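Have a look at the structure below, then the notes.
The values are calculated or read from the model by the stated rules, or taken from the named source; none is laboratory data. Because the structure is a prediction, the values reported are computed rather than measured. As a convention, Cβ positions derive from the backbone with ideal geometry for all residues, glycine included, and neighbour counts pool all protein chains shown. Heads up: the accessible areas ignore ligands, DNA and RNA and are worked out on the full protein's heavy atoms, side chains in. Shrake-Rupley method; radii C 1.70, N 1.55, O 1.52, S 1.80 Å.
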Amino acid sequence: QVQLAETGGGLVQAGGSLRLSCAASGRAFSILAMAWFRQVPGKEREFVAAMSRFAGITAYAEAVKDRVTLSRDKNTLVLQMNDLKPEDTAVYYCASRPSNTVERDASMYEVWGQGTQVTVSS
């Protein structure tokens, strides 16, 4: 069993920064690709960024690629977000899958965290 726990959300003014962390525990051998998604009420979960465990392969959504950076230390995935905008307001979820392939489709991820709220005020 794999568990994911997100921390680091909060309220920030536009232009500010936040650092989200996702700590994975449990069956470490099955925690390969990890990703961040976000969701606002009434909309589908949206891909933000992902990283593989081996080879350091990364993928970023077009909407955030110039403002976020992913880093990973084994089973902890960190999302550094800079120059935040009100449209970044959402619940941010961490996800993992038992394959090293980075995917942008939420349905390809098997384990999800509880989510952490990010609110950006204008």
Expected vector for the stretch 102-114, Karplus 3J(HN,Hα) from phi with 6.51, -1.76, 1.60 and θ = phi - 60°, integer Hz, x for Gly and Pro, equals 7, 10, 9, 8, 4, 5, 7, 9, 9, 10, 10, x, 7
Rounded if a/c is under 1.5, else prolate if a/b is larger than b/c, else oblate: which is the stretch 2-79, with a ≥ b ≥ c the root eigenvalues of its Cα gyration tensor? prolate
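Suppose all protein chains stay in the model; what accessible area per residue would a 1.4 Å probe give for the stretch 19-63, in Å²? All intermediate terms of the calculation are to be shown ahead of the outcome.
Details: 2320 Å² over 45 residues.
So the stretch 19-63 comes to 52 Å² accessible per residue, rounded to a whole number.
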The answer for residue 16, listing residues at least 5 apart or on another chain whose modeled amide H is closer than 5 Å to its amide H, is 84
Specify the residue with the greatest mean-square fluctuation among 29, 47, 37, computed from a Gaussian network of the chain linking alpha-carbon atoms under 10 Å apart. 29
Of every hundred units of 1.4 Å-probe accessible area on the chain, the number belonging to carbon and sulfur atoms, as a percent, is 48 percent
Sort out for me the Cα centre separation of the stretch 82-122 from the stretch 2-74, rounded to whole Å. 5 Å
Where Lys and Arg each count +1 and Asp and Glu each count -1, what net charge lies around residue 77 among other residues with Cβ under 11 Å from its Cβ? +1
For the stretch 30-122, what D do you get in µm² per second when you plug the Kirkwood radius from alpha-carbon pairs into Stokes-Einstein at 10 °C and 1.306 mPa s? 119 µm²/s
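For 72, 104, write out the residues from largest to smallest accessible area, computed with a 1.4 angstrom probe and no ligands counted.
Numbers: 72 50, 104 130 Å².
Listed by decreasing accessible area, they come as 104, 72.
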Computed from every Cα-Cα pair in the stretch 17-59, P(r) in 10 Å bins starting at 0 and rounded to whole percents is 22, 47, 28, 4
Sequence-distant residues sharing a close amide H with residue 46 (under 5 Å, placed H): 38, 39
